[in-house]
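Participant: Could you have a look at this structure, given as structure tokens, before my questions?
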Amino acid sequence: MNLGIKDEEFVRGKVPMTKEEIRILTLVKAQIAPNAVVYDIGAGTGSLSIEAARLAPAGYVYAIEKNPEGIGLIAENAKKFSVENISVVEGAAPDALADLPALDVALIGGSGRRLADILDIIGERLRPDGRIVANAITMQTVAACLDYFHAHADRYTYEAIQVQISRLERVGSYDMAKALNPIYIITAQRK
């Protein structure tokens, strides 16, 4: 199974999507086992959910999304890539997490300013050695993640990286770098 589906292969819309290079890094940091239970919170188009489901053929992925367009796109992409070990959970976290089972990995792409509440619920259900991988584009989200993991240092170890991707784009007879938004990837592991 190949890691890193090309962006243009996903059914898209106006819903934000985690770009291929960031998906690959996120999934490597997540260390998803073949039988893992994964939450993808703020799933958007489902690009991470689809790749996670492919990495966990004997596991299950819960794609949590509140945007109606995103909910439809996740279902379309699951069908397109023949992924059956995935369910779309309609609603906003943390409320949408209420009836979900224990998990091995949480991917967080959107928190609706409820990050601490979401992390509290995940922490109650995260199995030993489970991982949380949060992608952040704002410094406020980075600060909220770091504050949370500092306050819970007895339960988690963490690391954070900042990634800047540029893709070459042909402009006339030249190749120029076109930068994507810088992303922070914060990875925490339960002790």
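The values are calculated or read from the model by the stated rules, or taken from the named source; none is laboratory data. Since the model is a prediction, treat every value here as computed from it, not as a measurement. Note that each Cβ is placed from the backbone with ideal geometry, even for glycine, and that neighbours are counted across all protein chains shown.
Participant: Kindly indicate which of GLU76, GLU51, GLU65 is in contact with a strand residue (DSSP E or B) (Cβ under 7 Å, 6 or more places away or on another chain), acidic (Asp, Glu) and under 25 Å from GLU21 (Cβ atoms).
Facilitator: The match here is GLU65.
Participant: Could you check, for the stretch 14-31, whether at least one of its residues is in contact (Cβ under 8 Å) with a residue 40 or more places away in the chain and more than 15 Å from the chain's Cα centre (by Cα)?
Facilitator: yes
Participant: Still on this model: If you scan the stretch 150-176, which residues turn out to be under 18 Å from the mean Cα position of the chain (by Cα) and under 15 Å from ARG190 (Cβ atoms)? I'd like the intermediate steps shown before the answer.
Facilitator: So the first thing to find is which residues in the stretch 150-176 are under 18 Å from the mean Cα position of the chain (by Cα), and the list is 158-165.
Result: TYR158, GLU159.
Participant: Determine the pairs where a residue that is within 20 Å of GLN31 (Cβ to Cβ) and at pLDDT 95 or above, located within the stretch 104-127, has a partner that is of a type in the set (Lys, Arg) and not in a helix (DSSP H, G or I) with Cβ atoms under 7 Å apart, the partner being 6 or more residues away or on another chain.
Facilitator: Here the result reads ASP104/ARG127; VAL105/ARG131; GLY123/ARG155; LEU126/ARG190, each pair linking the stretch 104-127 to a residue that is of a type in the set (Lys, Arg) and not in a helix (DSSP H, G or I).
Participant: Enumerate the strands (runs of 3 or more DSSP E) found wholly within the stretch 135-191, keeping only those where 2 or more residues are free of Cβ contacts under 8 Å to residues at least 40 places away in the same chain.
Facilitator: 156-163, 166-171, 174-179
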